[in-house]
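Readers should treat all values here as calculations from the given coordinates under stated rules, not as data from a laboratory. Quick caveat: nothing in here was measured; it's all calculated off a predicted structure.
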């Protein structure tokens with residue numbers, strides 16, 4: 001019972017904040033609405049017995065990527081005079097496509113995976129995930145490659161973002 | 001809750017992210033929509049990991065895949081924002097429609 005309540009609470013938080021972020025005209029408010037979505041997803045991860053992932057979600061998404069997006073907002077000018085009509089047209093087209101896909105899924109065979117039973121939750125996943133990352137025949141190579149990717153991303157971001165086009169007014 | 005409830009939430013989230021990418025006229029919104037799409041995929045991965053088939057009790061591959069998605073999303077956000085800043089200093093705008101130098 002409590003789990004069902006928690007599911008609906010997190011579902012309302014996630015979807016509601018995502019809709020708010022989509023529909024709000026002010027981009028700063030949209031970014032803060034995105035914070036609600038990311039925290040709701042962390043709650044989903046707790047419900048799905050993924051405690052390490054929930055912590056990672058809060059730390060990296062809510063703490064890192066969102067701050068990065070806010071910095072991007074502060075360093076760029078706001079976009080005015082959005083053309084509403086084209087926007088609504090695209091939104092209707094995408095939602096229609098999605099509704100068709102959703103309906104096909106709901107009535108078709110793709111959805112029958114839902115019949116699976118929920119298994120007993122493990123006591124904690126941090127230790128298991130750490131061991132999986134460092135076992136040689138499992139995820140060790142992708143783990144090390146991820147660190148190389150992060151280093152390349154760090155150097156690349158600094159290189160790309162440096163000021164190359166000096167403006168006259170500064 | 002059963003698996004399909006989580007899948008429905010993830011599908012809705014993916015849809016909202018897709019509309020955000022396609023319909024908003026601001027590169028920052030495009031980035032936020034991309035994050036929503038990646039998060040929807042992550043929710044699917046974790047939900048399928050929770051409801052994995054019989055005989056796979058010890059496996060956490062779905063969660064580990066989600067961790068990799070988060071790692072790559074962080075790198076992507078940093079690079080994409082650097083590119084947006086560059087576009088802003090070069091074109092003086094961050095509307096995707098106005099950046100059409102290659103078009104003609």
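Numbers below:
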read-out: Chain B: equivalent-ellipsoid semi-axes (sqrt of 5 x gyration tensor eigenvalues, Cα, Å); value: 35, 15, 8
read-out: Tilt relative to chain B, helix B:3-23 - C-alpha long axis, 0 to 90 degrees, to 10; value: 0
read-out: MRE, 222 nm, helices only [DSSP H, n ≥ 4, -39500 (n - 2.57), over chain B, to nearest 500]; value: -26000 deg cm²/dmol
read-out: Degrees between helix B:27-50 axis and first principal axis of chain B (Cα, 0 to 90, nearest 10); value: 10
read-out: Dimensionless Rg/Rh of segment B:22-78 - Kirkwood Rh, Rg from C-alpha atoms; value: 1.14
read-out: Alpha-carbon Rg/Rh ratio, for the protein assembly as shown, with Rh computed the Kirkwood way; value: 1.00
read-out: Angle between chain B longest axis and helix B:61-91 axis [Cα atoms, degrees, rounded to 10]; value: 10
